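S.K.: I have a structure I would like to understand better, so I am pasting it below and will then ask my questions one at a time.
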Amino acid sequence: MDAVTAYRMKFFCAFSFFLCLILAGKPCVNAEWIAYDDGDAVHAGSGLKYQGVRFSLPDDAVRASLRQISFFYWTNGASCPVGVYLTDHSRSGRLAERLLVTVQQGWNVFDVSDLDVSVPHHFYVALENLKCGFPMLDNDERSERSFKGNHLKSMTTRLSHDLVLRVEIGDRQEIPIAREWDVYVSERVGVKRGGLTKQIFSYTTQERWVLYSDDSFVIPEGIFGLWKQRGNRFRVSLDPEQVREHLFGLSAQYFAEGELADVRVTKITFDGTISPEGVIGGRLIISAGLRFVDVPHFGQITIRRQFSSAIREPSCSMAQE
């Protein structure tokens, strides 16, 4: 974001704050804009039906209220209908009903605070192109959070640049902790590069896992997931994009700096059982394809974790603001 755009955003936030004071007669909530684009609408978006941005809440926030959505749209002077979807990291869990809005040429800002939408740590805002105009992209050459697809679920292909789309979040919500575990983990990491022999690395560790009352689930390194339980069986849905980021971070243990060009997560299995007393046990399997810089060969990394927990006293604490 350049200095001019940053100044405009600060002015807009200050103006919104004082407008709230005038209209409501009381201070506004703590609002914060999240943006990944550089502020300049330069390139036309994709011709595919859905384009969206994967957002992450700051720090270790579990949930926050969603206040506003802002994006730049090209309409050639017309008024265009656009569908807006709010989903969790899987892009299949809807956080609100589909919004049908009318946009004009340029920036469009929509106040969604009346919908009382609570967003998890990772979430998507996706625009549905109804064949009237198109969203715009910035001029950043590396896009990590903007995606396209013919369907919401298949919106996994990265756009060439960042979508000029932002959100404003309100207060971070305090979520009570439902369970905590001291977990013992046995891990095997298999790394294979091109035609070389596969290398195996083994580790054992102890970790603290946390389940919140809204089914948000957090393991070390700030990896967030969604807990789903039926009877004594549970499954955790992790965000493939966060897992990808995590694997990039791990690459320094196995490859030279700057050697890894890309990671493509192909499989995540995270499931197990929970006893009546709350003891858990199960497995976490992650597989990903690897692409290297200036090397024609591809590789693969597989992480297999077996875990079991000790009983931990229930906690009365909540997620920190």
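What follows draws every value from the coordinates through simple rules; no lab data is involved. Computed from a predicted structure; not experimentally measured. Cβ: placed from backbone, ideal geometry, glycine included. Neighbour counts: every protein chain shown.
S.K.: Arrange the following residues from fewest to most other Cβ atoms within 10 Å of their Cβ: His297, His122. Spell out each step's value before the answer.
M.R.: On the way: His297 12, His122 19.
Going from least to most buried by this count: His297, His122.
S.K.: Explain nothing, just the number: dipole magnitude of the chain about its Cα centre with +1 on each Lys and Arg Cβ and -1 on each Asp and Glu Cβ, in debye rounded to the nearest 20.
M.R.: 1320 debye
S.K.: Moving to a separate point now. Give me the one-decimal Kirkwood hydrodynamic radius in Å for the range 94-186, with the sum taken over alpha-carbon pairs.
M.R.: Working: mean 1/r = 0.0604 Å⁻¹.
Value: 16.5 Å, from the Cα pair sum.
S.K.: Rg over Rh of the range 182-321, using C-alpha atoms and the Kirkwood radius, what does it come to? Provide the component values of the computation, followed by the final result.
M.R.: Numbers: Rg = 16.7 Å, Rh = 16.5 Å.
Result for the range 182-321 is an Rg/Rh of 1.02.
S.K.: The range 163-232: Rg/Rh from Cα coordinates, Kirkwood Rh? Write down the numbers at each step before the final one.
M.R.: Details: Rg = 18.3 Å, Rh = 15.9 Å.
Taking Rh as the inverse mean 1/r over Cα pairs, Rg/Rh reads 1.15.
S.K.: Helix 3-24 sits at what angle to the longest principal axis of the chain, using alpha carbons and giving 0 to 90 degrees rounded to 10?
M.R.: Helix 3-24 sits roughly 80 degrees off the main axis of the chain.
S.K.: Using θ = phi - 60° and the Karplus curve 6.51 cos²θ - 1.76 cosθ + 1.60, what whole-Hz ³J(HN,Hα) does each residue of the range 51-64 get, with Gly and Pro shown as x?
M.R.: 9, x, 10, 8, 9, 10, 5, x, 6, 9, 4, 8, 8, 8
S.K.: Through the Karplus equation 6.51 cos²θ - 1.76 cosθ + 1.60, θ set to phi - 60°, convert the phi angles of the range 277-282 into ³J(HN,Hα) values in whole Hz; use x for Gly and Pro.
M.R.: After applying 6.51 cos²θ - 1.76 cosθ + 1.60, I find 7, x, 6, 10, x, x Hz.
S.K.: In degrees between 0 and 90, to the nearest 10, how far off the longest principal axis of the chain does helix 240-250 point, with axes built from Cα atoms?
M.R.: 60 degrees
S.K.: With the dipole of the range 110-184 worked out from charges on the C-beta (+1 for Lys and Arg, -1 for Asp and Glu) around the Cα centre, which of His151, Val183, Val167 lies farthest toward the positive end?
M.R.: His151
S.K.: I need to check one value: relative contact order of the chain, counting alpha carbon pairs closer than 8 Å and at least 6 residues apart, in percent.
M.R.: Working: 753 pairs, mean separation 56.5, N = 321.
Contact order relative to length: 18 percent.
S.K.: Same structure, new question: What is the pair-distance distribution P(r) of the chain, computed from all Cα-Cα distances in 10 Å bins starting at 0, with each bin given as a whole percent?
M.R.: Reading the bins upward from 0: 5, 23, 29, 25, 14, 4, 0.
S.K.: Okay, moving on. Within 10 Å, count the other beta carbons around each residue, average over each peptide in 51-58, 34-41, and list them highest first.
M.R.: Per-residue Cβ counts within 10 Å, averaged per peptide and sorted highest first, yield 51-58, 34-41.
S.K.: Next up: Of Lys198/Lys228; Lys198/Lys267; Lys131/Lys267; Lys153/Lys267, which sit over 27 Å apart, Cα to Cα?
M.R.: Listed pairs above 27 Å: Lys198/Lys228; Lys131/Lys267.
S.K.: Within the P(r) computed for the range 231-273, what percentage of the Cα pairs occupies the region above 15 Å? Don't jump to the answer; show the numbers that get you there.
M.R.: Values: 475 of 903 pairs.
The proportion of pairs with Cα distances above 15 Å equals 53 percent.
S.K.: Rounded to the nearest whole Å³, what is the per residue volume of the convex hull around the Cα atoms of the range 24-118?
M.R.: Roughly 146 Å³ of hull volume per residue.
S.K.: Could you run the Karplus curve 6.51 cos²θ - 1.76 cosθ + 1.60 with θ = phi - 60° over the range 192-207 and give me ³J(HN,Hα) per residue in whole Hz, x for Gly and Pro?
M.R.: The phi angles translate into 10, 10, x, x, 7, 5, 5, 9, 10, 10, 10, 9, 10, 7, 10, 9 Hz.
S.K.: Taking the Cα centre of the range 31-173 as origin and charging only Cβ (+1 Lys, Arg; -1 Asp, Glu), how large is the dipole, in debye to the nearest 20? Display every interim value, and only then the final one.
M.R.: Working: 15 positive and 19 negative charges, 144 e Å.
Dipole about the Cα centre, nearest 20: 700 debye.
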